[in-house]
Amino acid sequence: MRVPVLFCLLLAIAFPASAMIFTTHDGKGAASIDKELDLREVSEDKVTINGDVARLRVGLSHEELTALLRRLAPLLRDFRAIGNANSVIIETPVGEDRLVRFYLLATGQRQRTLVFRMNLSRRTAERGGEAQWPAFLPRPPAAQIGTVMTFAGRDMTCAMFSLSLPPAAFTATYDTALRADGWQPVSNAEPDAGAMYTDAAMKCLLLVNAVSSATGTQAAVVVSPLGGVSGE
């Protein structure tokens, strides 16, 4: 799973308000959405999101987002045009305490749509659950932790957080903290571009990505075995 794809996934879980959200009509559940999407599956993982164990599937549609939504419209409650939006969330309940969230993202590549399918507890979907910062990483000062995910099959950990510092100030201070903790840079730490580090044993790769937000910075940290971050 490539890092930009993973970053989009974190946004979908931690900040669903950034996308237009639809729900399904009664009796039209996840199976109905799956059938209409008819995706080419890219990956499937068991993940832990803020302590909640979930299933994640990533799939690809060769239809562009607006065309895909037109086909899905009969299944959706209060369907409306999405205008220039490049992402949409569809949610459908599963029992009393879980739901399936589909995050549809326009890729801009040959008009294809990337789809993340997550089976989540309502607690995680609605309030984010209880995020615990990974003990093996320096915690950015004054950061508000949004989402921490672990991919058991990939030995990968991802964390998303927000803070009031602008991206350049954050990357500079976090670069200092990482170096003090033994991480060595393999690229220049620049805002919006991402910075990479390896541990002293050259076994793990760490990527930091920071972007501007209305309140300062939204940032993500991804840690993976060396060579495991860029592959699908």
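The values are calculated or read from the model by the stated rules, or taken from the named source; none is laboratory data. Note that the structure is a prediction, hence the values are computed from the model and not measured. Please note: Cβ atoms are built from the backbone with ideal geometry, for glycine as well, and neighbour counts cover all protein chains shown.
A residue that is in contact with a Leu (Cβ under 9 Å, 6 or more places away or on another chain), over 20 Å from Ala172 (Cβ atoms), at pLDDT 85 or above and not in a loop (DSSP other than H, G, I, E, B) occurs nowhere in region 206-222.
For region 157-194, which positions are of a type in the set (A, V, I, L, M) and either over 19 Å from Pro134 (Cα atoms) or at pLDDT below 85 (or both)? First the steps, then the outcome.
Initially, region 157-194 is screened for residues of a type in the set (A, V, I, L, M), giving 159-160, 163, 165, 168-169, 172, 177-178, 180, 186, 189, 193.
Correct list: Met160, Leu165, Ala168, Ala169, Ala172, Val186, Ala189, Ala193.
For region 97-135, a residue qualifies if it is acidic (Asp, Glu) and either within 19 Å of Glu44 (Cα to Cα) or modelled with pLDDT under 80 (or both), and the qualifying residues are Glu126, Glu130.
For region 45-65, which residues satisfy the criterion of being of a type outside the set (Gly, Ala, Ser) and within 10 Å of Met149 (Cα to Cα)?
If we filter region 45-65 for residues that are of a type outside the set (Gly, Ala, Ser), which is where we start, we get 45-50, 52-53, 55-58, 60, 62-65.
Residues satisfying the conditions are Val47, Thr48, Ile49, Asn50, Asp52, Val53.
If we scan region 67-76, do we find a residue that is assigned to a strand (DSSP E or B), within 26 Å of Phe161 (Cβ to Cβ) and modelled with pLDDT of 85 or more? No: zero hits. Close Cβ contacts (under 7 Å, 6 or more residues apart or on different chains) running from residues in region 24-36 that are closer than 18 Å to Met118 by Cβ to residues that are among the aromatic types (Phe, Trp, Tyr) comprise Ile33/Phe102.
Among the residues of region 16-56, those that are touching a strand residue (DSSP E or B) at 6+ places or on another chain (Cβ under 8 Å), at pLDDT 80 or above, hydrophobic (A, V, I, L, M, F, W, C) and not in a strand (DSSP E or B) comprise Ala30, Ile33, Leu37, Leu39.
Considering region 86-184, the qualifying strands (runs of 3 or more DSSP E), each wholly inside and each with 1 or more residues that are basic (Lys, Arg), touching a residue at least 24 places away in the same chain (Cβ under 8 Å) and on the phi < 0 side of the Ramachandran plot, run over 98-106, 113-121.
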